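Enquirer: Can you keep this structure in mind? I'll have questions shortly.
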Amino acid sequence: MSEFLQHLINMLVLGGTYALLGIGLTLIFGIMNVVNFTHGVLYTFGAYIMFIVVHQLGINFFLALPLAVVAGWLLGAAIELTLLRPLRGSDIDTTMLVMIGAWIAMQSGALWIWGGVAKSVTTPFPEAPLVLGPVSVSWLRLFVLAAAAMLIVVTYLLINKTKLGCAMRATFQDQDTASLMGVNVDLIYTSTFAIGSSLAAAAGALLGPVYVIFPQMGDLAAVKAFAIVILGGLGNITGAVIGGFILALAEELGAGYVSSGYRDAMGFLIIIAVLIFKPTGLFARSERVG
Amino acid sequence: MKSGVAILTIVAFASVPLWLRDPYLMNALITTGIFIIGAMSLNLLLGFTGQLSLGHIAFFGIGAYVSALTSLGFDVGLPFGFRIVHHPWPPIAGFVLAIVAAGLCGYLVGLLSFRVRGAYFVIVTISFAEVVRLVALNWVELTQGPLALTNIPSITVGLPGLGDLTLRTKLQNYYLVLVVAVVTYVLISRLVHSHFGRAMRGLMENETLAVSVGIDVTKTLTLAAVISAGIAGAAGSLYAHYIRIIDPEVFAFINTVTMVIMVITGGKGSLAGPVVGGMIFGLLPVFLRPIMAPEAQWIAYGGVLIVILFVLPRGIVLSLAQRFAKRRKGIETLAPVAFSERDAKEHA
């Protein structure tokens, strides 16, 4: 029983960052209809910003997170402006292939600049974990959960309470009508991609110190983000949060009770199962089929 | 005239070992040839049915593993105390089984994943390849996991009157790959120009219209997936018996991307496209190696993919063919298959 409780605690910590990844991708996928292969690179990028800020610049650990968010925002905006804006209106396969090209170039760039050796970030938290009865959790992971929860709430408020969020929702529902109502669709697209990218960078900056940082770390993160989006429904933020926690739970239980080698297979199996047995998704939308 | 070009190309390729003695270049040509076969099979799906399968390397890898395991033999335990013991068979049986197994997987994946389209199809195929990779990595008893399958025997072919010939040297493997590549090219060419090929292209151009004239969507797409996967499996088998060692890294996503780059650069929906794109991207590393680090090369490949999509969205072959045809209007078009935007159904 205590083992199961420990899995639940781990699920909460992991799920928070997965939700961040998923929200970022679901916004981009839902509003822009772009299969964003650079999402994982942004995750890696955030983690390296964390490493650079803490170890090379010697700035505070807690300041690194907002810096990673800002850097992710800028890089995301740059990708949208240079690669996606000129391709507006072309078919989804073309943008997908362009994003694959960007993914290869950027990941190889990370490998070139920072090398393939995994790096770890030292954190200001005490080594001894917090023990709560039968379960224990490290202070770092608690911080990760709190920071992720805060970012999720901020994003939720941004989408639901601000004028920009209203325009984003309008663009998601009907781009042409939104445009007729005076919404600057170009601006919405750039903002959406930048916000989604900054969330991916934040997730990387948060999970980087928990594990280790290396150039290919984003590949699995990207597929997990796709799994979350497919679980939760396109453009659905609440769905992405729920999907993030479901995936984290599946991984924890899979690693705990099946085999730790198949931990990372859970995301793929969820994708395949959802799309095969319920191709319209858990939150029914018809656009997935034919 | 077209068949003249084809015969000249084959003769040119066949004459390469006569003047090229460098073993490093021969090795590059053989692996390039194997990847070109894979790229041709990918082109059958991507270029002629419009389905972007990003899990294509799964079929290649399955072919490689099936072929290697058939010729090496294995002894694995299954649940409930069952054991499967397989004694080594000749590699040529592995080659045939690789095609069958990969084709069967293509059938299953096609049956299941053609229920979704566009982005979702892409994601299902990627997931399939990754699951297969994780199985290859973790089912250590069967696949040796990260320790790799080693000492895979070379392919032996029985020649009438000459007895058995084991293809060990680079020269022999070069001709083996060339023969398989030519057979693949002819097969795909015949297929594309058949009734079935017209059904595929009809689906790509307008699925709703194709259905309305009685084309069975799932059947057509699944058959294309089976053939495509079978060819990829054959390429994988050639790879396993040539390199003679395979590990789960054969399933890496980057290998699928390599094939996609070959197809897109050469021109999807063009028969010669994967050959041209494959020669460029297969041999580029050879020439870039002295001047660029591997990471820098990959940055360049990513950049080239983007530039090609922006500048020559139809690929090198079709763009050149179009220019050629414009100049000699009315004689003959080199483009074997017309290209069409498939935006009609991408409104979602």
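Rundown of residues vs (1) surrounded by fewer than 14 Cβ atoms within 10 Å (Cβ to Cβ); (2) farther than 22 Å from A:Ile271 by Cβ, yes/no style:
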| residue | (1), (2) |
| --- | --- |
| B:Ile84 | yes, yes |
| B:Ile92 | no, yes |
| B:Gly106 | no, no |
| B:Val122 | no, no |
| B:Ser127 | no, no |
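Enquirer: Now, a different point. Quick one: count up the residues across the stretch A:238-269 that are over 17 Å from A:Asn10 (Cβ atoms), surrounded by fewer than 22 Cβ atoms within 10 Å (Cβ to Cβ) and either at pLDDT 80 or above or touching a Cys at 6+ places or on another chain (Cβ under 7 Å) (or both).
Expert: 3
Enquirer: In the list B:Val124, B:Val183, B:Val177, B:Val192, which residue meets the criterion of being within 14 Å of another protein chain (Cβ to nearest Cβ) and among the aliphatic types (A, V, I, L, M)? Working first, answer last.
Expert: Details: B:Val183 fails: within 14 Å of another protein chain (Cβ to nearest Cβ); B:Val177 fails: within 14 Å of another protein chain (Cβ to nearest Cβ); B:Val192 fails: within 14 Å of another protein chain (Cβ to nearest Cβ).
Criteria check complete, one pass: B:Val124.
Enquirer: Next question, about the same structure. Quick one: which of B:Ser3, B:Ser15, B:Ser67 is farther than 26 Å from B:Ile264 by Cβ and in contact with a Pro (Cβ under 9 Å, 6 or more places away or on another chain)?
Expert: B:Ser67
Enquirer: In addition: Within the stretch A:198-207, identify whether any single residue is more than 17 Å from the chain's Cα centre (by Cα) and either not acidic (Asp, Glu) or not in a helix (DSSP H, G or I) (or both), and answer yes or no.
Expert: No, every residue in the stretch A:198-207 fails to be more than 17 Å from the chain's Cα centre (by Cα) and either not acidic (Asp, Glu) or not in a helix (DSSP H, G or I) (or both).
Enquirer: Residues in the stretch B:114-134: is at least one of a type in the set (S, T, N, Q), touching a helix residue (DSSP H, G or I) at 6+ places or on another chain (Cβ under 7 Å), assigned to a strand (DSSP E or B) and over 17 Å from B:Gly230 (Cα atoms)?
Expert: Within the stretch B:114-134 (the criterion being of a type in the set (S, T, N, Q), touching a helix residue (DSSP H, G or I) at 6+ places or on another chain (Cβ under 7 Å), assigned to a strand (DSSP E or B) and over 17 Å from B:Gly230 (Cα atoms)), the answer is no, since none of the residues qualifies.
Enquirer: Also, quick follow-up: Across the stretch A:58-98, what is the total count of residues that are part of a helix (DSSP H, G or I), of a type outside the set (Val, Ile, Thr) and either farther than 23 Å from A:Leu187 by Cα or at the interface with chain B (Cβ under 9 Å from one of its Cβ atoms) (or both)? Talk me through it step by step, then tell me what you get.
Expert: Within the stretch A:58-98, the subset part of a helix (DSSP H, G or I) is A:61-87, A:92-98.
Of the ones still in play, those that are also of a type outside the set (Val, Ile, Thr) are A:61-68, A:71-78, A:80-81, A:83-87, A:93, A:96-97.
Pick out the ones that are also either farther than 23 Å from A:Leu187 by Cα or at the interface with chain B (Cβ under 9 Å from one of its Cβ atoms) (or both) and you get A:61-65, A:83, A:86-87, A:93, A:96-97.
Counting residues in the stretch A:58-98 that are part of a helix (DSSP H, G or I), of a type outside the set (Val, Ile, Thr) and either farther than 23 Å from A:Leu187 by Cα or at the interface with chain B (Cβ under 9 Å from one of its Cβ atoms) (or both) gives 11.
Enquirer: Scanning for something surrounded by 16 or more Cβ atoms within 10 Å (Cβ to Cβ), assigned to a helix (DSSP H, G or I), among the aromatic types (Phe, Trp, Tyr) and within 9 Å of chain B (Cβ to nearest Cβ), does the stretch A:99-107 turn up at least one residue?
Expert: Yes: the stretch A:99-107 contains one or more residues that are surrounded by 16 or more Cβ atoms within 10 Å (Cβ to Cβ), assigned to a helix (DSSP H, G or I), among the aromatic types (Phe, Trp, Tyr) and within 9 Å of chain B (Cβ to nearest Cβ).
Enquirer: Considering every residue within the stretch B:263-279, establish whether at least one is out of contact with any helix residue (DSSP H, G or I) (no Cβ under 7 Å at 6 or more places or on another chain), within 30 Å of B:Val96 (Cα to Cα) and either surrounded by fewer than 24 Cβ atoms within 10 Å (Cβ to Cβ) or among the hydroxyl-bearing types (Ser, Thr, Tyr) (or both).
Expert: Looking through the stretch B:263-279, none of the residues is out of contact with any helix residue (DSSP H, G or I) (no Cβ under 7 Å at 6 or more places or on another chain), within 30 Å of B:Val96 (Cα to Cα) and either surrounded by fewer than 24 Cβ atoms within 10 Å (Cβ to Cβ) or among the hydroxyl-bearing types (Ser, Thr, Tyr) (or both).
Enquirer: On to the next question. Condition test on B:Ala39, is it without any contact (Cβ under 8 Å) to a residue 24 or more places away in the chain, in a helix (DSSP H, G or I) and at negative phi?
Expert: Judged against the criteria, B:Ala39 is not a match.
The values are calculated or read from the model by the stated rules, or taken from the named source; none is laboratory data. Note that the structure is a prediction, hence the values are computed from the model and not measured. As a convention, Cβ positions derive from the backbone with ideal geometry for all residues, glycine included, and neighbour counts pool all protein chains shown.
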